[in-house]
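Before any comments, here is the structure.
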Amino acid sequence: MVALRGVVRTAVVLLMVCGAGLAFLGWEGRGPLAGRFGVATEQLTPESVLTSGTGGDPHVVNVGFPWSEEGYCPSEFRVTATETAARVVVGQVQRREPRGDTSCLGVGAENARAFVALTLKAPLGARPVFRALDGEPLPVTRQP
């Protein structure tokens, strides 16, 4: 009888841990519960890169992507990159739209384009930037 209680207790604890893990992944917009918790996700294709210029952080670039709405919340978007000494490859922009009643200090879109900040491990310098989706080079506008 004591052994059975131990097995049941272990099973309950495992189910609780697994449930909490799935809920956390769903809140982060990943896993089978992504649509039920926290965020809805969308992938957008990067089209350009803009450097920060003089006085800006040389590790930060802004990745431009198509955006047809009037404004957006910068915190809705994330982008990652793979870097080598010779090049930077930018992945898809991930949109993570908060669910429910959330407030945001909106930013206006310009020429049907929005931007998301990307922090690089090393300054961009003269390295070319490519899109991971299809290997196409992205135009880089280097601010003075």
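The values are calculated or read from the model by the stated rules, or taken from the named source; none is laboratory data. On a predicted model such as this, the values are computed, not experimentally measured, just so you know. For neighbour counting, all protein chains shown are included, and Cβ atoms are generated from backbone atoms with ideal geometry for every residue, glycine included.
Return the residue satisfying two criteria in turn: it lies in the range 82-118 and is modelled with pLDDT under 90 and of a type in the set (Val, Ile, Thr), and of such residues it is nearest to SER48 (Cα to Cα).
Here the answer is VAL107.
Identify, by number, the condition in (1) touching a residue at least 12 places away in the same chain (Cβ under 8 Å); (2) within 22 Å of GLN43 (Cβ to Cβ) that GLU110 doesn't meet.
(1)
What number goes with the only condition from (1) of a type in the set (S, T, N, Q); (2) closer than 14 Å to PHE130 by Cβ; (3) surrounded by 15 or more Cβ atoms within 10 Å (Cβ to Cβ) that THR51 does not pass?
Status for THR51: all satisfied but (2).
Given the conditions (1) in contact with a Phe, Trp or Tyr (Cβ under 8 Å, 6 or more places away or on another chain); (2) surrounded by 14 or more Cβ atoms within 10 Å (Cβ to Cβ), report the number of the one that VAL129 does not fulfil.
Unmet condition: (1).
Return only the number of the condition from (1) assigned by TED's automatic domain parsing to the domain that holds GLU136; (2) modelled with pLDDT under 70; (3) buried (at least 17 other Cβ atoms within 10 Å of the Cβ) that GLY26 does not satisfy.
That leaves (1) as the condition not met.
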